[in-house]
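Please read the structure below before turning to the comments.
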Amino acid sequence: MAFTLPALPYAHDALEPYIDALTMQIHHGKHHQAYVDNLNKAVAGTPNENKSLKELVKSAGTISPAVRNNCGGHWNHSFFWEILGPKAGGNPSGNLSDAINAAFGSFDAFKEKFNAAGVGRFGSGWTWLLVKDGKLEINSTPNQDNPLMDVAEVKGSPILGVDVWEHAYYLKYQNRRPEYLGAIWNVINWNKVSEHFEKAI
Ligand code: MN
């Protein structure tokens, strides 16, 4: 069964002005599509063809670089679109809010630490909020790796991930990754992040 590009759950311009429509068109329609196409090419005619996306991701250390990079790209972007949304932002609530305050002191302190991890990721990668052994942690990964991978430095269940590849922000923010990371909080869908959190703990 070939992997397919999931539809964006909102319009390309729905995240304006924080993420511009052209970036969303290229990011979803070209970059994410390319990960899907290249993943299909890389697994064609091999035993990996019949594995689920999550199975491939979890076995990143034992698959070829082409499969690892593209299954990671497909999983990460599918996850990313779902945790963004229009009419989003604001503060997390309930158990997630309590857990953030317990782990990081406050929501503001959490955002500061998360953004520092994203700014500090040299080159391309992702910054994550994940559940590890029942506790929240912040980490970043290079390229299209993620915390589900057997090769991850810090393994756990991601509940929030932000793409810090230049293709995620360059058209609007150019070299200003910190500005992009400052703006992204306006479009985080905390209901979705909470759903991931409740499943992970
Ligand atoms: Mn991307």
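For a bin width of 10 Å, list the pair-distance distribution of the range 86-158 built from all Cα-Cα distances, rounded to whole %. Whole-percent P(r) values from 0 Å outward: 20, 47, 31, 2. Report summary: the helix-based calculation at 222 nm, which adds -39500 (n - 2.57) for every DSSP H run with n ≥ 4 and divides by the residues of the chain, gives -13000 deg cm²/dmol. Here the contact order of the range 1-151, divided by its residue count and restricted to Cα pairs under 8 Å and six or more residues apart, works out to 21 percent.
For the range 76-150, a simple Cβ point-charge model (Lys and Arg +1, Asp and Glu -1, everything else neutral) yields a dipole of about 160 debye relative to the Cα centre. Ranking W75, W126 from most to least accessible surface, computed with a 1.4 Å probe over the protein chains only, gives W75, W126. Accessible-area rank, largest first, for R177, R68: R68, R177, with all protein chains present and a 1.4 angstrom probe. Measuring from centroid to centroid over Cα atoms, what is the spacing of the range 12-40 and the range 162-181 in Å? That distance is 13 Å. Using θ = phi - 60° in the Karplus curve 6.51 cos²θ - 1.76 cosθ + 1.60, the 3J(HN,Hα) couplings for the range 21-27 round to 4, 5, 4, 5, 4, 6, 5 Hz; x is entered for Gly and Pro. Net charge of the neighbourhood of A103, taken over other residues with C-beta under 15 Å away and scored Lys/Arg +1, Asp/Glu -1, is -1.
In the range 3-116, the alpha-carbon atoms span a convex hull of 141 Å³ per residue.
Summing Lys and Arg as +1 and Asp and Glu as -1 over all other residues whose Cβ lies under 12 Å from the Cβ of G118 gives a net charge of +1. Going down the list K30/K113; K30/K132; K30/K172, which pairs span over 28 Å between their C-alpha atoms? Going by Cα-Cα distance, K30/K113; K30/K132 fall outside the 28 Å limit.
Placing unit charges on the Cβ atoms of the charged side chains and taking the dipole of the range 99-201 about its Cα centre, the candidate lying farthest along the positive direction among T141, A117, P158 is A117. Which percent of the Cα-Cα distances in the chain go past 27 Å? Within the chain, distances greater than 27 Å cover 27 percent of Cα pairs.
Per 0.36 nm of contour for each residue apart, how much would the distance between S64 and K135 grow if the chain were fully extended, relative to their Cα-Cα spacing?
Extending this stretch completely gives an extra 22.4 nm.
The values are calculated or read from the model by the stated rules, or taken from the named source; none is laboratory data. Model, not experiment: these values are computed from the prediction. Positions of Cβ are backbone-derived with ideal geometry, glycine not excepted, and every protein chain shown enters the neighbour counts. The area values use the complete protein model at the heavy-atom level, side chains included, leaving out ligands, DNA and RNA. Shrake-Rupley method; radii C 1.70, N 1.55, O 1.52, S 1.80 Å.
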